[in-house]
Structure formats: C-alpha cells, structure tokens
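One structure is given here, and the rest of the page talks about it.
The values are calculated or read from the model by the stated rules, or taken from the named source; none is laboratory data. Bear in mind the structure is a predicted one, so any value in this text is a computation, not a measurement. All Cβ positions, even for glycine, are placed from backbone atoms using ideal geometry, and neighbour counts span all protein chains on display. Keep in mind that these areas ignore ligands, DNA and RNA; they rest on the heavy atoms of the full protein, side chains included. Shrake-Rupley method; radii C 1.70, N 1.55, O 1.52, S 1.80 Å.
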Amino acid sequence: DWTMEAFKDKEVARIRKLVGEKAQVIGAVSGGVDSTVAAKLMQEAVGARFHAVMVDNGVLRKNEAKQVKETLTRGLGVNLTVVDASDRFLDRLQGVADPEKKRIIIGNTFIEIFEEEAKRIAKEAESTPHAGPVEWFLQGTLYPDVIESISFRGPSQTIKTHHNVGGLPEKMKLKLIEPLRELFKDEVRAMGREMGIPPDLVGRHPFPGPGLAIRILGDVTREKVRVVQEADLIFIEEIRKAGVYDEISQAFAALSGDRAVGVVGDQRLHGYLVFLRAVRTTDFMTATAYEFPAGVLARIVNRIGNEVEGVARVLYEVTSKPPSTIEFE
Ligand code: XMP
C-alpha cells in the first residue's frame, strides 16, 4: 500500500536509474517547500552531481538568501550555489512601474543568470574526472501545476514560480526531471517532514517568483525594498509569535506607490504607506481576509511604526478575492 516513505524510496531509485552513474543535474531553488523537497530528493539520489542554484534577485525577503543557504547546505547537505545578482535585477527594474513589465524583466534576467550558471557548472564538471556532462534539469512541478498549465487562469496566475525558468531546459538541450508531478501540496509537505526538512520551511506560505517587486506598487528602489523587507519581517515575526501562522495561507507587507502624511516627534512627515494582507484560502483562486485575534494587529502596526524608518501609515486590507486579488499587482 501507498506510504510517503515508499513513494520517496521508489522515486529516489527511479531518479538514480534515470540519471545513471555519471550525468549531472541542475535545478533552481527558491527556499520554498516544493523546490526544497525536490532538491533533497535529488541530493539523496545523486549526491553532489546535483547542482542547486539560488538566484538572489534583490527582491527577496530580508535574510532569505542567507537562510536558504544555511538550511540547504548545512542542514540538508545539498550542493547549492547562491548567486547574488541583486544589482543586475535592481538596475534593470529602475523606473519600471508596470507590474507585467516587472515580471518580464525578472523572468528574463533569471533565465539569463541561470544559463550562465549552467555553463559554469558544465565547465567545472569537464575538469572533474568522475563527473559526466550536465544532462538533466530538475523542476519542482506539482500535480496542480500540471493541471493549471492546461486550464485557463487569469494573467498573474499563469506565471508561477517554477515557470520563471520556462523554456530554459529546451534552450539548453536539457532533459526535464519532475519528481513531484504526481503530488499535491499537502503530500509534498508530508514528504518534506519525512525527509527531515525543518517544520518552519515545510509549512511556509507561498512567495511569488517576482518577489517584493510586485509588492512595491510603482517603481522599485533599494530604499523601498528596505522598507517593505523590514515591515514584512515584523509582520511575519508577530504572526508566528501569536501562534497563528498556520491558520493563515499567505501573509505579507506591501508598499503603496503613494506617500501619506504622518508625524514623527512634533514634525509632520510625508512618509511611506504600508499595506498588510493576510488571507485564508485552500486553492488561491478565492480567498478571504484573515481576522486577527484582538490586540495582534495593534502590536504589529505599533512595531512597524516605531522600527521601520520612514513609515507614516499602516493599513490592513480586508477585501476578499474576488473582487480583489491576493497580491496587490
Ligand atoms: P493573485 O494575486 O493572483 O495570487 O490572487 C494568487 C497566488 O499566486 C501568487 N502569484 C504569483 N506567483 N509569480 C508567482 O510565482 C507571479 O507573478 C505571481 N502573481 C501572483 C500569489 O502570491 C498567490 O499565492
């Protein structure tokens, strides 16, 4: 009968046979549960012949790249390279306000960097006697993603994290390997727990591929990235402290494109307007705003006002999806 452990063992054996004794595998990781479980499976199957790459695009959450490096390398033994490409992304995003343009810039830049990394890995493999050529490309595609990609969804929903690498395997003449394509999210989480992936990571809310760029309304600047990173960190920290993280499907801070009037000391301040959003949903097609226990929101808003420089106002959004979306753009 079907158990997660049996599935995992079978999958590891299947991957080993498929990849063989010499070939190398590359794959992108984001720090999310899907790519982490896929990476861990691959590591168990082929060890250091799996090369994971994480691209720091400059619009990740605060400390994210460092934490992912720590968890995957030291915690899980995955052979991971973190590429700090934040300047390249942020320079290209400069002055761009249209959310779809931001998505395209980020997607294209990601592909460009990943191609460079794949070439570097292939070259390094050439000079290693026991290593064969790079032949495989790992993708953490889930069963719902397989279904979604053949049914119609709205414009922002057609672009999901794993599609950031769309077209890349073909372009690089790599064969695709998708160990999670028969699984649902809760099964991937169960497998993650089974594999010893830290519970915090296994239960993590989804995070969009274009990251904070689509949570900064209007043009993206380094200063705005700082504000939204700091506000988001406090928001999530307090949600965890209140013990309600797992009741919420997705929660985040975003930055309005407008400024707001506030006051610091006895001075009026033309400061930032921070939005907070926390929703409950099962399928991410519809969602309702989360109702926080008494006192939690006040504490969060207080901390953001006191600790994040330049913030004048903090608003909690309570619109359902529809008519709203989960993200702001
Ligand atoms: P919306 O805003 O469409 O979000 O209600 C539904 C879910 O999709 C995520 N989302 C994205 N994920 N790239 C991604 O990888 C995107 O461009 C993107 N836009 C939205 C969103 O975070 C939510 O989980």
Considering Ile121, Ile106, which residue is within 16 Å of the ligand (Cβ to nearest atom), open to solvent by less than 30 Å² (accessible area, probe 1.4 Å), modelled with pLDDT of 90 or more and not polar (S, T, N, Q)? Ile106
Check whether at least one residue in region 42-52 is open to solvent by less than 20 Å² (accessible area, probe 1.4 Å) and either over 24 Å from Arg189 (Cα atoms) or assigned to a loop (DSSP other than H, G, I, E, B) (or both), and report yes or no. no
In region 164-181, what residues are under 16 Å from Glu112 (Cα atoms), outside any helix (DSSP H, G or I) and open to solvent by 30 Å² or more (accessible area, probe 1.4 Å)? Gly166, Gly167, Met172, Lys173
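Can you report the number of residues in region 232-249 which are among the acidic types (Asp, Glu) and open to solvent by 20 Å² or more (accessible area, probe 1.4 Å)? Reasoning before the result, please.
If we filter region 232-249 for residues that are among the acidic types (Asp, Glu), which is where we start, we get 232, 237-238, 246-247.
Filter once more, keeping what is open to solvent by 20 Å² or more (accessible area, probe 1.4 Å): 237, 246-247.
Count: 3.
Against the definition (at pLDDT 95 or above, outside any loop (DSSP other than H, G, I, E, B) and either touching a Gly at 6+ places or on another chain (Cβ under 7 Å) or surrounded by 17 or more Cβ atoms within 10 Å (Cβ to Cβ) (or both)), how does Val55 come out, yes or no?
Spelling it out, Val55 is indeed at pLDDT 95 or above, outside any loop (DSSP other than H, G, I, E, B) and either touching a Gly at 6+ places or on another chain (Cβ under 7 Å) or surrounded by 17 or more Cβ atoms within 10 Å (Cβ to Cβ) (or both).
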Reported set for region 182-198 where residues are open to solvent by 20 Å² or more (accessible area, probe 1.4 Å) and over 16 Å from Leu72 (Cβ atoms) is Glu182, Phe184, Lys185, Asp186, Glu187, Arg189, Ala190, Arg193, Glu194
Give the residues of region 124-144 that are within 13 Å of the ligand (Cβ to nearest atom) and modelled with pLDDT under 80, sorted by residue number. none
May I ask you to list the residues in region 124-137 that are out of contact with any Lys or Arg (no Cβ under 7 Å at 6 or more places or on another chain), surrounded by fewer than 18 Cβ atoms within 10 Å (Cβ to Cβ) and touching a residue at least 40 places away in the same chain (Cβ under 8 Å)? His130, Pro133
For a quick check of your reading of the model, give me the residue pairs whose first member lies in region 74-98 and is closer than 17 Å to Leu212 by Cβ and assigned to a strand (DSSP E or B), whose second is among the β-branched types (Val, Ile, Thr) and open to solvent by less than 60 Å² (accessible area, probe 1.4 Å), with beta-carbon atoms closer than 9 Å and at least 6 apart or on different chains. Asp84/Val55
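Pick out, from region 243-329, the strands (runs of 3 or more DSSP E) lying fully within it that include 1 or more residues that are farther than 25 Å from Asp219 by Cα and within 11 Å of the ligand (Cβ to nearest atom). Step through it out loud before you land on a result.
Working: elements: 250-264, 267-280, 311-316.
Counting at least 1 such residues, we get 267-280.
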Quick check: is even one residue across region 72-86 surrounded by 14 or more Cβ atoms within 10 Å (Cβ to Cβ) and farther than 24 Å from Pro179 by Cβ? yes
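Considering only residues of region 261-315 that are of a type in the set (Asp, Glu) and modelled with pLDDT of 95 or more, which is nearest to Ile239 (Cα to Cα)?
The initial filter retains those residues of region 261-315 that are of a type in the set (Asp, Glu), namely 266, 283, 291, 307, 309.
Among the residues that remain, those that are also modelled with pLDDT of 95 or more are: 291, 307, 309.
Details: Glu291: 12, Glu307: 17, Glu309: 21 Å.
Within region 261-315, the match that is nearest to Ile239 (Cα to Cα) is Glu291.
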Could you list, in sequence order, the residues of region 1-31 that are out of contact with any His (no Cβ under 9 Å at 6 or more places or on another chain), surrounded by 13 or more Cβ atoms within 10 Å (Cβ to Cβ) and not aliphatic (A, V, I, L, M)? Phe7, Lys8, Glu11, Arg14, Arg16, Gly31
